[in-house]
Amino acid sequence: MFDMSKEKHRKKWTEKELQFLVNHWLELSDDVISMELNRSKGGVASKRNELGLFRQAQKSQWQEWEEDFLVRNFYLLGQEAICDVLKPRKWETIRAYATKQLGLRRKNRLYKHQIEGKRKCKECEKLLEETTTNFYKDGNSFRTLCIPCGMSTLN
Ligand SMILES: [Zn+2]
């Protein structure tokens, strides 16, 4: 009894159907193919995968808006926020693409205080040149506190 219903479920693919799938999977969606062949979408997808005709290659192609988004936000947004927008891409994939393909670098968190070569003081929010007369040195970089603000917090 069970075998009967199973048999019904997994209708064997005819040569003609297979040929149609192979010839059209690139230009037609699984939806359209399933309607054309009067099969379930899942059935079409699993047969297609079985034949090695994977759609992942298309899905993984980066869209222009995704690249734009990354260029503008890779430094600024946190990992979660970026993954949320670029779902279902994984962070590893995103980071690899951004750094290797787009040449972006995620620096330390102080980056958001650097705008067009100048540095924004976190206290007074003035945008000043990165010089020792404006900011305190911190190793090779500067602190995000300008000297006047640093003086006033000391007093
Ligand atoms: Zn300041």
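Keeping to region 133-149, report how many residues are more than 8 Å from the ligand (Cβ to nearest atom), modelled with pLDDT of 90 or more and either of a type outside the set (A, V, I, L, M, F, W, C) or in contact with a Pro (Cβ under 7 Å, 6 or more places away or on another chain) (or both).
2
How many of the residues in region 121-132 are within 9 Å of the ligand (Cβ to nearest atom) and in a strand (DSSP E or B)? Steps first, answer last, please.
The initial filter retains those residues of region 121-132 that are within 9 Å of the ligand (Cβ to nearest atom), namely 121-126, 128.
After this cut, where a residue has to be in a strand (DSSP E or B) as well, the list is 128.
Residues in region 121-132 being within 9 Å of the ligand (Cβ to nearest atom) and in a strand (DSSP E or B): 1 in total.
Does at least one position in region 68-90 carry a residue that is at pLDDT 85 or above, polar (S, T, N, Q), in contact with a strand residue (DSSP E or B) (Cβ under 6 Å, 6 or more places away or on another chain) and surrounded by 11 or more Cβ atoms within 10 Å (Cβ to Cβ)?
No, region 68-90 contains no residue that is at pLDDT 85 or above, polar (S, T, N, Q), in contact with a strand residue (DSSP E or B) (Cβ under 6 Å, 6 or more places away or on another chain) and surrounded by 11 or more Cβ atoms within 10 Å (Cβ to Cβ).
The values are calculated or read from the model by the stated rules, or taken from the named source; none is laboratory data. The shown structure was predicted, so the numbers you read here are calculated from the model rather than taken from an experiment. Cβ coordinates were reconstructed from backbone atoms using ideal geometry, including for glycine residues, and neighbour counts include every protein chain displayed.
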